[in-house]
Structures are given as structure tokens and as C-alpha cells.
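Trainee: Here's a structure for you.
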Amino acid sequence: MYNPFYYPHGYDENKKLSSQGFEFDGAFHSLKMEREITLFKQQIKGYEGKVVQVRFLFNFNVQNIDRDETLMTINDDVEMLSTEQLTRFDRELNYTDVNNLGLNGKFILFAWGNKINPREFPYINDYAKAIYEKCLESQKNVIFVYKRSSQKEYAIEHLQFMHPITTGRFKDRLPDAFAEVFGPDVPVCASFNDLT
């Protein structure tokens, strides 16, 4: 998926954790993850007792990551990932080391949405494409949801893999598409009807 925005239970998501007395002690804390996890647990059948790993394109935990100034900073950071230069955001905590990407499991579901604009953010686009291609090289079952109007090939070319939780006119159609992805014994790519 694109990026997390999760807070520990009992804390207000609209305020900084540091101003709420949260102690950053390095210990594990239970997180509020209702949105995506609720959708996935309803759709994934036959995986009870299995580990489901959720990874994000960016681990930068911020609610409105789509702001241009944030994405410009991330784009600049991603340009420097292959160098020894310092990045604005911590490279080990916030970015994936594509060359050392360890993949486990039977399938990989891409669901980072359609926010990657290669003209505005070319380095983010290259980074996402490298992750996608590395997953293909692993020969795992790569799946995603795409718009029926633009077709599967367009989704791959433009790295547009629909997110399970969306707003706007398509939000009621995506749960059915994700149910189709996980419907067969082996998960498959599926489209959703964005034409009507």
C-alpha cells in the first residue's frame, strides 16, 4: 500500500504523539488499523493461521502525504537512495531497500493506488517500478485491482494499483473487486467497473 497512518490505541490521531505524553521507548504498541485490515480480513479466506505481511511504499507515517511539498521531499530523497548522501527522512525507516527486498509468502498484492505521477515525481515512479519489477522477478503471484476502462496493461505501465479504501464515486465498488481477487483458490488480478 502507499503509506501507513496508524496511531497507538488510546491516542488522538489529530495531535502529535509527543504532545500527548507518548513514550517512544522502542517497545511494541498495539495500533489502530481498522480500515484496511477490516477489509482484508473479510476477503481473505483460507489463510487462517498464516502470517499476512503488510508493507508500504513509504513508511512515512503522516496523514496527508499527498501534499506537493511532502512528495517533492520524498522524490528528492528517493533520488539519493542509491548514493551515500543524506536523505531528509530516515532511509532505513521510511524507504525500502529494493536490492535487498525479501519476499515471503504465496502472493503479493499491490494496492498503492493511482497517486504516482511520473512527470511530477520521476524518482518516486522509478522507485515504485523497481519494487514492482523485483516482485515479478521473485516469480510470486503478483495481483492487484485496476480500472476496467484503462485495462490491466495500462495499470502495469502506469503503476496504478487500486487501494482497498478509497473515497469518491468508486468507494462502493472496490470491496467487490477485492472479493473477486481473493475469490478463487489462487488469488488473481481483477478489475472494477469504473464506467457506469
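Trainee: Only one of (1) touching a Cys at 6+ places or on another chain (Cβ under 7 Å); (2) farther than 26 Å from Asp77 by Cβ is not met by Ile108, so which one is it?
Mentor: So the condition that Ile108 fails would be (2).
Trainee: Just checking, how many residues over region 159-170 are under 17 Å from the mean Cα position of the chain (by Cα) and exposed (fewer than 14 other Cβ atoms within 10 Å of the Cβ)? Steps first, please.
Mentor: First pass over region 159-170, keeping only residues under 17 Å from the mean Cα position of the chain (by Cα): 159-167.
The next check asks that each one be exposed (fewer than 14 other Cβ atoms within 10 Å of the Cβ); those that pass are 167.
Of the residues in region 159-170, 1 are under 17 Å from the mean Cα position of the chain (by Cα) and exposed (fewer than 14 other Cβ atoms within 10 Å of the Cβ).
Trainee: Any idea how many residues of region 163-179 are in a loop (DSSP other than H, G, I, E, B) and among the small types (Gly, Ala, Ser)? Write out each step before concluding.
Mentor: Start the filter on region 163-179 by keeping residues that are in a loop (DSSP other than H, G, I, E, B), which leaves 163-173.
Still in the running and among the small types (Gly, Ala, Ser): 168.
Residues flagged as in a loop (DSSP other than H, G, I, E, B) and among the small types (Gly, Ala, Ser) within region 163-179 amount to 1.
Trainee: Something else now. In this structure, is Ile165 within 24 Å of Thr70 (Cβ to Cβ) and at pLDDT below 90? Break it down into steps so the answer makes sense when it comes.
Mentor: On the way: within 24 Å of Thr70 (Cβ to Cβ): yes; at pLDDT below 90: yes.
Spelling it out, Ile165 is indeed within 24 Å of Thr70 (Cβ to Cβ) and at pLDDT below 90.
Trainee: Scan region 180-196 residue by residue and report those that are modelled with pLDDT under 85 and either assigned to a helix (DSSP H, G or I) or within 19 Å of the chain's Cα centre (by Cα) (or both).
Mentor: The answer is Phe182, and nothing else.
Trainee: From the list Asn104, Asn94, Asn114, which residue is under 21 Å from Asn59 (Cα atoms) and exposed (fewer than 14 other Cβ atoms within 10 Å of the Cβ)? So that I can check it myself, show each step before the final result.
Mentor: Details: Asn94 fails: exposed (fewer than 14 other Cβ atoms within 10 Å of the Cβ); Asn114 fails: exposed (fewer than 14 other Cβ atoms within 10 Å of the Cβ).
Exactly one of Asn104, Asn94, Asn114 is under 21 Å from Asn59 (Cα atoms) and exposed (fewer than 14 other Cβ atoms within 10 Å of the Cβ), namely Asn104.
Trainee: Right, next: Within region 126-162, restricting attention to residues that are in a loop (DSSP other than H, G, I, E, B) and charged (D, E, K, R), which residue is modelled with the lowest pLDDT? Spell out the reasoning first.
Mentor: Here is the first cut: in region 126-162, the ones in a loop (DSSP other than H, G, I, E, B) are 138-140, 148-150, 158-160, 162.
Within this subset, residues satisfying the condition of being charged (D, E, K, R) are 140, 148.
Working: Lys140: 86, Arg148: 91.
It comes out as Lys140.
Trainee: Right, here's the next one. Does region 95-108 include one or more residues that are under 21 Å from Phe192 (Cβ atoms) and assigned to a loop (DSSP other than H, G, I, E, B)? Walk me through it before giving the result.
Mentor: Pass one, region 95-108, residues under 21 Å from Phe192 (Cβ atoms): 107-108.
Pick out the ones that are also assigned to a loop (DSSP other than H, G, I, E, B) and you get none.
Scanning region 95-108 turns up no residue that is under 21 Å from Phe192 (Cβ atoms) and assigned to a loop (DSSP other than H, G, I, E, B).
Trainee: For residues that are within 21 Å of Thr166 (Cβ to Cβ) and in a loop (DSSP other than H, G, I, E, B), scanning just region 8-35, find the one that is modelled with the highest pLDDT. Step through it out loud before you land on a result.
Mentor: Here is the first cut: in region 8-35, the residues within 21 Å of Thr166 (Cβ to Cβ) are 13, 32-35.
Going one step further and asking which of them are in a loop (DSSP other than H, G, I, E, B), we end up with 13, 32-33.
Numbers: Glu13: 78, Lys32: 74, Met33: 65.
Here the answer is Glu13.
Trainee: Moving on. Looking only at region 55-91, which residues are surrounded by 13 or more Cβ atoms within 10 Å (Cβ to Cβ) and part of a helix (DSSP H, G or I)?
Mentor: Answer for region 55-91, where residues must be surrounded by 13 or more Cβ atoms within 10 Å (Cβ to Cβ) and part of a helix (DSSP H, G or I): Thr70, Leu71, Met72, Thr73, Ile74, Asn75, Asp76, Asp77, Val78, Glu79, Met80, Arg91.
The values are calculated or read from the model by the stated rules, or taken from the named source; none is laboratory data. Since the structure is predicted, the reported quantities are computational estimates derived from the model, not experimental observations. Here Cβ is always computed from backbone atoms with ideal geometry, including for glycine, and neighbour counts include all displayed protein chains.
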